[in-house]
Each structure stands twice: as structure tokens, then as C-alpha cells.
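Any read-out appearing in this document is the output of simple, stated calculations on the displayed coordinates, not a laboratory observation. Every value quoted in this text rests on a predicted model; they were computed, and no experiment measured them. Methodologically, a virtual Cβ is constructed for each residue, glycine included, from the backbone with ideal geometry; neighbour enumeration extends over all protein chains shown.
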Amino acid sequence: MARTLDTATREALVERVRFYRDLGLTEFYRRPVDAALLTADPDEQPGAPGLASETWETNSKPILFQEDQPIPSRKPTPAPPQVAAVPAAERASALQLIRDEIGDCTRCALHAGRNRLVFADGDPNARLMFVGEGPGADEDAQGLPFVGRAGQLLNNMIAAMGLKREQVYIANVVKCRPPGNRTPAPEEANTCTQFLFRQIDVVRPEVLVALGATAATYLLGARQPLAGLRGRVHSFRGSQLIVTYHPAYLLRDPRQKKEAWADLQIAMRELGLKPPAKD
Ligand code: SF4
């Protein structure tokens, strides 16, 4: 018997599974549900959209969890070749050209729900660049990346490294907010990262920090649990790439801040930075 979850339950469920996904857990099992616990929705019509019987049916086989849209479950599209270096004095205008080319973008489905496209923020000549997953509600409203609670935490992380936000460059895998903050679908991410890669080529940061599993997936071109990617230096388009937790995840589980700080210290080592002296 099918039942449709109410919006609040559905969002809570998605949030919980995101939490597990950040931990690198992607396989879930369906447990048989007592039919007496399920009540039919009188408004439901056969074939109506929503979480239909497939969600509640008994099934002992392991499944890859799917949110509203599938989380990246296959290899991302290979990144295009790196373009020639842009002189430092011309990087701001080169980035503006990319922004102009994106325009009022409708290249993927995410355009339909956005208020503002979030291109990037920060110094075009930054030595350090952060890449997150995609805009949330605050970012969508302001047109800037990482300006909500997670952004405040990212600002604190940057300050702990002895830097100011204006000294780094910040962008996301996708530039438009996915509905309900879901993970971008592969088609959306693969379409939008073609611009992200060009931004990286222009900025040419010495160190790139991938914030969370989605950023790591699309930068490294392989879907792997975060645990296997953290704690070492990768290489991407001429930059040293460090993988760490997304600040939104750290807000949900502050115990992992220590681990994230260890990752940031790797980035600092690569940049030759020392933590600021405490007052
Ligand atoms: Fe265009 Fe990227 Fe927005 Fe999709 S997410 S509509 S590709 S700017």
C-alpha cells in the first residue's frame, strides 16, 4: 500500500541521509514494514507522483539511496583541457568574460528554481580557492557563495588559517540552487562544472580545497567516500587539491571540526602559512 510522505518528514529524511552520505555511507537497506502501520492516502490516485510504493515495499536487497534526484552515482564527465595561463592583471576581466558567457543561463534544469545565479566571490589572484557544492537559500537570495551559517563557519576557518575571506576565491560545483538543497544531479553538475574549471584555470590557485563529497567527486572525476580522499594532497589542473568536510556538515557534527582543521593545516603547509598568533 503506497503512502506519500509529508514535506517536513521528507526534508528531515533527506537531511539525515545527507548526514550519512557526508560520512561516506551510501548503501541503505529497506526493512519490511508492517502493513498495519501504513495508511492509505485517500487523495492518492494511481500513478500519482511522490514517494510511491517503491519506498515502502519490502525489499532485502541493498540499494543506493536516492534523494529527490540521484546522488552522483557514476563518473563525472572528464574535465576539458586546461587553458593557457592568464596574466595576473587580466584575471578579473577574464573571469568577467566567463560570467558574461554564462549570462542568464538555462543550460540545465536548475535555472528554473533560482532567484540569483551565484558565480563566485573573492580575489581573482588568490593563492587559495574553495569549492563547495551549490548555493543554499541565503546564497540564492544574495547572489554570493557561502553567506549563510555555513558561510560564517567557512569565514572562521579562513580566519583560523590567518587569511581574510577577500584573499581567497570561493565558488561552487553548480551556480544555481538545487530545489530543497538536494545534491546536484550529474547532468546539472557536469554542465555547470565546465565553467568552474575555466574559473580555476584563470585563478590558478596554488591550493584548492574541495568542501564535501560533491566537490571532491566533480573535481577529482571519481566518486569515492570522503574518508578515502582526506588527509593527503591530490593534484588538479596544476593546483594542489585538499579534500575536507563541507561547513554545513560541520555545523551538524561539530566533533569533526578537529578533522577539518587537520585538513586545513595540510593546505597551510602547502601554502607556507602559519596560524595567526593568539592574542
Ligand atoms: Fe547554468 Fe550552472 Fe545554473 Fe545550470 S546550474 S542553469 S549550468 S549556471
The stretch 224-279 to the stretch 87-111: how many Å between their Cα centroids?
-> 28 Å
Trypsin sites (Lys or Arg not before Pro) lying in DSSP loop within the stretch 250-279, provided at most 10 other Cβ fall within 10 Å = Lys278
If we count every other residue with Cβ under 15 angstrom of Arg269's Cβ, Lys/Arg +1 and Asp/Glu -1, where does the sum land?
-> +1
Stick to Cα atoms and the Kirkwood definition of Rh, then tell me Rg/Rh for the stretch 88-271.
-> 0.93
Using only the Cα atoms of the stretch 82-142, each taken as one equal point scatterer with no solvent, compute I(q) by the Debye sum, divide by I(0), and report log10 of the ratio at q = 0.29 Å⁻¹.
-> -1.33
Report the local net charge at Cys176: Lys and Arg +1, Asp and Glu -1, summed over other residues whose C-beta lies under 9 Å from its C-beta.
-> +2
